[in-house]
Amino acid sequence: MAHEERDDLHRARAAAHECVRAATQLVEFVERMTVVIGPSEMAEYDVLVARAPAALSQRVEAFKRIGLGAGSVDATE
């Protein structure tokens, strides 16, 4: 495997892990929530929700580089 291919595979793995981290942080957020939602919770939620699509976009691009496409995602571009 060439150096560039190994780098691409490493990036794909890292991007997949980032998607997991983004989802995990959202789960942790909702698990510690109470019924009282204030401005700080709203702000934190906004940050967490914005991470998910960014992480997905990076993962899709990284997986494309290693030859794996996501048909349903690719079709919307």
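The values are calculated or read from the model by the stated rules, or taken from the named source; none is laboratory data. All of these numbers come straight from a predicted model, not from anything done at the bench. Positions of Cβ are backbone-derived with ideal geometry, glycine not excepted, and every protein chain shown enters the neighbour counts.
For the stretch 1-42, residues that are closer than 19 Å to Leu56 by Cα and in contact (Cβ under 8 Å) with a residue 40 or more places away in the chain total 9. Please work out which residue is modelled with the lowest pLDDT, limiting yourself to the stretch 61-77 and to residues that are farther than 14 Å from Arg13 by Cβ and surrounded by 13 or more Cβ atoms within 10 Å (Cβ to Cβ). Among residues in the stretch 61-77 that are farther than 14 Å from Arg13 by Cβ and surrounded by 13 or more Cβ atoms within 10 Å (Cβ to Cβ), the one modelled with the lowest pLDDT is Val73.
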